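Student: Please find one structure pasted underneath; my questions will follow.
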Amino acid sequence: MNASIRPAAVAGMFYPGERHELLRQVRQFLGEVSVTAPQPKAVIVPHAGYVYSGPVAATACSQLREHAASISRVVLLGPDHRVGFHGIAAPSADYFETPLGIIPVDRQAISALSGVMIFDAAHQQEHSLEVQLPFLQQVLGDFSLVPLVVGSVAQGEVAAVLRQ
C-alpha cells in the first residue's frame with residue numbers, strides 16, 4: 001500500500017517555504033509569548049499569512065505547550081476559501097506535509113465520523129488548516145491529524161461532528 005501525502009500548498013506564500021526560515025519564524029513567534037492555562041478543549045486561531053496572524057497564532061498555540069504530552073490527536077476545522085461545496089470534507093491523504101515534515105492523518109478517526117465526506121479538492125489549495133500545522137508541529141511534536149474543511153453547512157452540522 002502506498003501512502004499518499006497532501007503536499008504543502010501555501011508554503012512560501014502564507015508562511016516561509018524553507019525549513020530553516022520557517023523554524024526560525026515559528027520559534028520567534030512562540031518565544032515572544034508565554035501563556036499558562038488549563039488544557040483547552042478548543043482553540044480558535046486566525047489563518048492568515050504569518051505576517052498578519054503569526055503572533056496571535058503563537059499565543060493560541062502556546063496554551064498547548066505545557067499539555068503537549070497528553071495531546072495525541074488534533075482536530076482542525078477551517079473554512080473553505082477555494083472550492084465552494086456543501087458539507088464537511090476530509091482528505092483521502094494519509095499525511096499532510098509542511099517544510100517541517102509530515103503529519104499522519106488519523107484515518108481511523110475520520111472513518112468513524114458520520115456527516116463528513118472525503119473530498120480532496122477542498123484540501124488541495126486550502127490554507128486555513130495548513131497554516132496551523134507548523135505551530136502545532138513545533139509545540140506538540142508527534143500527533144495525528146483530523147483535518148476538516150467546512151463548506152456551506154446547516155446550523156448544527158459542525159457541532160454534530162464534534163460531538164462524535
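Student: With respect to Ala109, determine if the residue is farther than 12 Å from Asp80 by Cβ, touching a strand residue (DSSP E or B) at 6+ places or on another chain (Cβ under 7 Å), at pLDDT 95 or above and not charged (D, E, K, R).
Tutor: For Ala109, the condition - farther than 12 Å from Asp80 by Cβ, touching a strand residue (DSSP E or B) at 6+ places or on another chain (Cβ under 7 Å), at pLDDT 95 or above and not charged (D, E, K, R) - is met.
Student: Filter the helices (runs of 4 or more DSSP H) completely within the range 104-164 down to those with at least 1 residues that are open to solvent by 10 Å² or more (accessible area, probe 1.4 Å) and of a type in the set (A, V, I, L, M).
Tutor: Because the criterion is at least 1 residues that are open to solvent by 10 Å² or more (accessible area, probe 1.4 Å) and of a type in the set (A, V, I, L, M), the helices (runs of 4 or more DSSP H) in the range 104-164 that meet it are 107-111, 121-124, 133-140, 157-162.
Residues are listed down the side, and each one gets a yes or a no for (1) free of Cβ contacts under 8 Å to residues at least 12 places away in the same chain; (2) under 14 Å from the mean Cα position of the chain (by Cα):
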residue: Ala3; (1), (2): no, no
residue: Met13; (1), (2): no, no
residue: Gly17; (1), (2): no, no
residue: Gly31; (1), (2): yes, no
residue: Pro46; (1), (2): yes, yes
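Student: Further question: I'm trying to understand the selection: among the residues of the range 65-87, which are outside any loop (DSSP other than H, G, I, E, B), open to solvent by less than 20 Å² (accessible area, probe 1.4 Å) and either without any contact (Cβ under 8 Å) to a residue 12 or more places away in the chain or more than 28 Å from Gly12 (Cβ to Cβ) (or both)?
Tutor: Passing the criteria: none in range.
Student: I need the full set of residues from the range 88-103 which are open to solvent by 20 Å² or more (accessible area, probe 1.4 Å) and touching a strand residue (DSSP E or B) at 6+ places or on another chain (Cβ under 8 Å), in order please.
Tutor: Across the range 88-103, the qualifying residues are Ser92, Asp94, Tyr95, Glu97, Pro99, Ile102.
Student: Here is a follow-up. Hey, Pro55 hits all of (1) within 26 Å of Gly156 (Cα to Cα); (2) open to solvent by 20 Å² or more (accessible area, probe 1.4 Å); (3) in contact (Cβ under 8 Å) with a residue 12 or more places away in the chain; (4) not β-branched (Val, Ile, Thr) but one; which does it fall short on?
Tutor: Unmet condition: (1).
Student: Turning to a different aspect of this structure: Looking at the range 22-37, which of the residues that are in a loop (DSSP other than H, G, I, E, B) and modelled with pLDDT of 90 or more is least open to solvent (accessible area, probe 1.4 Å)?
Tutor: Val33
The values are calculated or read from the model by the stated rules, or taken from the named source; none is laboratory data. These numbers come from a predicted model, not from an experiment. No Cβ is skipped: glycine too gets one built from the backbone with ideal geometry, and neighbour counts run over all protein chains shown. When the accessible area is computed, the model is the full protein with side chains, heavy atoms only, and any ligands, DNA or RNA have been set aside. Shrake-Rupley method; radii C 1.70, N 1.55, O 1.52, S 1.80 Å.
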